[in-house]
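Right, one structure below, let's go through it.
The values are calculated or read from the model by the stated rules, or taken from the named source; none is laboratory data. The shown structure was predicted, so the numbers you read here are calculated from the model rather than taken from an experiment. Positions of Cβ are backbone-derived with ideal geometry, glycine not excepted, and every protein chain shown enters the neighbour counts. The accessibility values were calculated without ligands, DNA or RNA, using every heavy atom of the protein model including side chains. Shrake-Rupley method; radii C 1.70, N 1.55, O 1.52, S 1.80 Å.
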Amino acid sequence: DYHMSLTVGNSTESDYRHETSNYGKTTDVVAPGTNILTLNYDYDDGPVHGIAVPGPGTSYATPLVSGLAALIKLAAPSLLLSPDDLAGLIAAGADDITEDPVSESTNLNGWDEYTGWGRINAKTTLDLLESPFVFAQPDAATIVYVEPEPETSGFRQFIGAPFGSGPV
């Protein structure tokens, strides 16, 4: 059970799942993970000091998702977000990828096993914090409403109740 984690695949420059990326029923999102420059390692020749070389993989994509989670927390420090809430925001802000050339699948609207909810999009995700938004907890029984409070630069959060009915 990977309840408090996100499963991340890596995407290519063309916004498709990389052929070596993980995928399956637990895939949440993908992030750029192809031709990401790194230092001191060449996959063909081994360690190379002082040379930046491109590399592929989820090990390159996953830190981008972690960075987006950190940006959300930085942009909204007063918003009490659980790990599931952060995952929901990241998924809600992702750009849907509707085809997977590796598996020759098309019409993959919404969640799919190849790219989850899609490629992360930091701007779209952070823009969600600028206006009221709603997301469901994984159990689908709890709805969370969030609205900005411009006068305090904070947020009001409501669980299972409409806006204006009182903070959590």
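In terms of solvent-accessible area of protein heavy atoms at a 1.4 angstrom probe, what is the ranking of 60, 23, highest value first?
Descending order: 23, 60.
Students sometimes get this wrong: rank 20, 58 by accessible area, probe 1.4 Å, all chains present, largest first.
20, 58
For residue 18, what residues show an amide H to amide H distance below 5 Å, using hydrogens built from the backbone and excluding near sequence neighbours?
Residues meeting the criterion, in which the H sits 1.01 Å from N, are 10, 11, 12.
What do you reckon, how do 13, 113 stack up by accessible area (1.4 Å probe), largest on top?
Reading off the accessible areas and sorting them downward yields 13, 113.
Heads up, I need the accessible area for residue 73: 1.4 angstrom probe, whole protein in place, Å², nearest 10.
Estimated to the nearest 10 Å², residue 73 gives 90 Å².
Using a Förster distance of 35 angstrom, determine the FRET efficiency expected from the C-beta separation of residue 19 and residue 122, and round it to 0.05.
About 0.90, to the nearest 0.05.
Provide the gained length on full extension for the span residue 104 to residue 74, in nm with one decimal, where the gain is 0.36 nm per separating residue minus the Cα-Cα distance.
So the chain would gain 6.9 nm between residue 104 and residue 74.
Accessible area of residue 36, 1.4 Å probe, to the nearest 10 Å²?
The accessible area of residue 36 comes to roughly 50 Å².
Pull out the extension gain between residue 59 and residue 39, defined as 0.36 nm times the separation in residues minus the alpha carbon to alpha carbon distance; nm, one decimal.
In short, 5.8 nm is gained.
May I ask you to evaluate 6.51 cos²θ - 1.76 cosθ + 1.60, the Karplus curve with θ = phi - 60°, for each residue of the range 67-81 and list the ³J(HN,Hα) values in order in whole Hz, giving x for glycine and proline?
With the stated coefficients, the range 67-81 comes to x, 5, 4, 5, 4, 4, 4, 5, 6, 9, x, 7, 7, 7, 10 Hz.
Ignoring everything but the protein chains, give the 1.4 Å probe accessible area of residue 71 in square angstrom, nearest 10.
80
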